[in-house]
Structure formats: structure tokens, C-alpha cells
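See structure below.
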């Protein structure tokens, strides 16, 4: 069963959608459905990704204590 609905899409986004659907050789409907499916099904996976430390491994087991200013100095 399919549900019909009406959605207002900004003109510029609509033009981008039409262009992308033409380049990919798919209908506008299929492109929108694929995008919605990807967003809905991939959203929990994206939210679960967390960066775990340490991001930089060192030989010492002691934690490295740096201030934000010291990190900024090292990056510049």
C-alpha cells in the first residue's frame, strides 16, 4: 500500500532533485523515496557513532594533560 502526500519543496532544492534524478536515470519519486529510506534507516547508526579516546596513542600510560591553548599551538 502506498500513501500519497503533498510536500512543499524549495525551488532550488527541487531543481537539484530533478537534475540528480536525470543524471542517475531514475524517476524523481524513486530518488526521493531512496533518500527518505536512507535517512530513516541510517539515522540510528549515525547517532550511535561516538569517538572514543585516546585518539592519539602514546607509549606512556599516563594521560596527556593539555589545555585548549596548548592544543591550538600544536595545531598551528
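The values are calculated or read from the model by the stated rules, or taken from the named source; none is laboratory data. Small disclaimer: the values here were computed from a predicted structure and weren't measured. All Cβ positions, glycine included, derive from the backbone under ideal geometry; neighbour counts span all protein chains shown.
Taking each residue of the range 24-41 that is touching a residue at least 12 places away in the same chain (Cβ under 8 Å) and looking for partners that are part of a helix (DSSP H, G or I) and loosely packed, with under 12 Cβ neighbours inside 10 Å with beta-carbon atoms closer than 7 Å, six or more apart or interchain, yields 31/24. When 55, 66, 75, 28 are screened for being at pLDDT below 90 and in contact with a helix residue (DSSP H, G or I) (Cβ under 8 Å, 6 or more places away or on another chain), only 66 passes.
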